[in-house]
Amino acid sequence: MHIIENGNVAAALGVRLCGVNVIAAYPITPQTPVTEKLSEWVEAGEMKAEYIPVESEHSALSVCIAATSAGARSFTATSSNGLLYMHEQVQWASGARLPIVMCVVNRAVGAPWNVWNDQQDSISQRDTGWMQMYASDHQQIIDTVIKAYYLAEKTSIPIMVCYDGYILSHTYMPFEVPDADKVKAFLPPFKPDYALDPNDPANLNTVTLPDVRMDVRGELAHGYMEIRYLLQEELRGALAVAAETEKRFDEIFGRGGDPYIEPYLCDDAEYVAVGLGSVTYQLRVAVDALRAEGIKVGVMGIKFYRPFPDEAIAKALKGRKGVIVYEKALSYGYEGALASDLKSALYDSLAGTGSMPYVQNFVLGIGGRDIKTHDLTETLRAATKGRVAKEPVWIGLKL
Amino acid sequence: MGTRNYRRKTSHSESGPGDGGRTGSWRVTRPVLNRSLCIPCKRNAEACFICWLFCPDVVIARTIPPAIDLEYCKGCGICAEECPTKAITMVDESEFADENDKG
Ligand code: SF4
Ligand code: SF4
């Protein structure tokens, strides 16, 4: 069924289709309509789930942690300072290996107070052991939520589905709502690695000593380092599971592509613009304009940011002259985190091969500063003539 | 031998002595039982056992007299605190230095 709705409703519909059992959330702009929609459905009896209103984002994720530990499929959503407030529990959920799905409706973080879109909130959670996927339109939002549950539950690793506040969350677009029976076929019932059982009591995630220990059964149990190593190992392994997920989704729903990246006119491109989320679609307009002038440019949207698909990305960028990274976030004190990650992937794969592109970093749209397509076209044109600057260049700055 | 084949991906602990590791090595003071004050000993009946209930390391057995597994008793003193008859006192480990040396 095709409908025209906003991005937040697309996310909520995805959650409903996945048969989520427990929803806990605290409202924060621009995420609020996602959970409002879900609470409406639960209240009306259209969705069989527990909706738990909580007093903060820290509690929202705590409830999801408890619910998932008890074997329930859970969901929360947040934005901006709400996500930052959750940070402790964000780390906890991944360390506890709970396959929670959380929508992050990207919004700038304070100070100063700002409700508009950039991606500093989710990028600031890059190192928490969660997977991160970025959607560029409403179809991707609903599809990504569904894929996210499959992927998270296969790997026992939580996942953030990120989409741009307002630009996607509050705008209306046509998209297809996947058939409920097909979602059932795609997503098997949640079988947790371990679920709390009153008949077989246990403590979860208790103080864990630096070294390994014998448990009560005399089996050698992990120390803290082993548990953390397994998270890293299985996050790296999740790249393969993501590929399997994409294939499976394509087989059932007839929609899919590359699991990690979304290329546009990249085949013969000498220069590739790279970004996360909706800006990559806006960049297509700039690319079309430059193509008309005979400049061989393309765009590569990164759908998967953590685990970072380094090999796939390096392969896709090998032999290009330049890689131009547009970011709505910054690792303050250095450069865009995506630019750093890209450089690292390129260096690892291509150092010494002579096919290493230069990398130009642009920062834009911070705190919702309007992104003008004209600016994208002009900066992209400039960056195809060679690296503009070593430091990230802020687009639209009026200092 | 490593832990790769351990049943759980995370920290998981079931009730039983020693699940926190060999915590006996942490002990600075040792619980010592005075049988003449302990209720099960006096009555020769399975009674009280409040120390058993409260011991966080599950190292007290519901026997007569209650037995404390010093391999894992971390010397927290909770048993002594909770015992209604003050049958348990916490004694500095240095008092047992001779015994420890022999052991
Ligand atoms: S709590 Fe005190 S009196 Fe009760 S069983 Fe333990 S030692 Fe004995
Ligand atoms: S001091 Fe008492 S309560 Fe504490 S661990 Fe030892 S036996 Fe248990």
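The values are calculated or read from the model by the stated rules, or taken from the named source; none is laboratory data. Keep in mind it's a predicted model, so treat the numbers as computed, not measured. Backbone-built Cβ (ideal geometry, glycine too); neighbour counts: all protein chains shown. To get the accessible areas, we keep the full protein, side chains included, count just its heavy atoms, and leave off ligands, DNA and RNA. Shrake-Rupley method; radii C 1.70, N 1.55, O 1.52, S 1.80 Å.
For n ≥ 4 DSSP H runs only, could you compute -39500 (n - 2.57) per run for chain B, divide by its residues and tell me the 222 nm figure to the nearest 500?
Calculated from helices alone, the mean residue ellipticity at 222 nm is -4000 deg cm²/dmol.
Taking a straight line from the alpha carbon of A:LYS191, these lysines sit under 24 Å away, with near neighbours fewer than eight places off in the same chain left out: A:LYS48, A:LYS147, A:LYS154, A:LYS182, A:LYS247, B:LYS9. Of the GluC sites (Glu not before Pro) in the stretch A:154-242, the ones in a loop by DSSP (not H, G, I, E or B) with at most 14 other beta carbons within 10 Å are A:GLU219. Secondary structure note: in chain A, about 25% of the DSSP beta bridges are antiparallel.
Loop exposure criterion: trypsin sites (Lys or Arg not before Pro), DSSP state outside H, G, I, E and B, at most 10 other Cβ atoms within 10 Å. Applied to chain A, the longest stretch between such sites is A:1-216.
Looking at this model, which pairs from A:LYS328/A:LYS385; A:LYS37/A:LYS328; A:LYS303/A:LYS372; A:LYS37/A:LYS184 are more than 25 angstrom apart at the alpha-carbon? Too far apart for the 25 Å limit: A:LYS37/A:LYS328.
Applying both filters, DSSP loop and at most 10 other Cβ atoms within 10 Å, to the chymotrypsin sites (Phe, Trp or Tyr not before Pro) of the stretch A:79-172 gives A:TRP113.
In Å² (nearest 100), what accessible area is buried between B and A, both sides summed, heavy protein atoms only, 1.4 Å probe? Each step should come with its number before you reach the end.
On the way: alone 7350 and 17580 Å², together 22690 Å².
Counting both chains, the buried surface is close to 2200 Å².
Residue-wise HN-Hα couplings along the stretch A:278-290, as the Karplus relation 6.51 cos²θ - 1.76 cosθ + 1.60 with θ = phi - 60° gives them from phi, are 4, 4, 5, 6, 5, 4, 4, 5, 5, 5, 4, 5, 6 Hz; Gly and Pro carry x. Taken residue by residue and averaged, Cβ atoms of other chains lying within 10 Å of the Cβ of A:196-205 number 3. Where Lys and Arg each count +1 and Asp and Glu each count -1, what net charge lies around A:ILE65 among other residues with Cβ under 12 Å from its Cβ? Around A:ILE65, the charge tally is 0. Quantify, in whole percent, the carbon and sulfur part of the accessible surface of chain B (1.4 Å probe; protein heavy atoms only). Within chain B, the accessible surface is 50 percent carbon and sulfur. Between helix A:337-350 and chain A, what is the angle of the helix's C-alpha long axis to the longest principal axis, kept within 0 to 90° and rounded to the nearest 10? Rounded to the nearest ten degrees, it is 80.
Would you compute, from DSSP H runs of 4+ residues alone, the mean residue ellipticity of chain A at 222 nm, taking -39500 (n - 2.57) per run and dividing by the full residue count, rounded to the nearest 500? Please report the intermediate quantities before stating the final value.
Values: 13 runs with 158 residues, N = 399.
About -12500 deg cm²/dmol.
Residues in the stretch A:143-154 carry Karplus couplings, in order, of 5, 5, 4, 5, 4, 4, 5, 4, 5, 4, 6, 5 Hz; the curve used is 6.51 cos²θ - 1.76 cosθ + 1.60 with θ = phi - 60°, and Gly or Pro positions show x.
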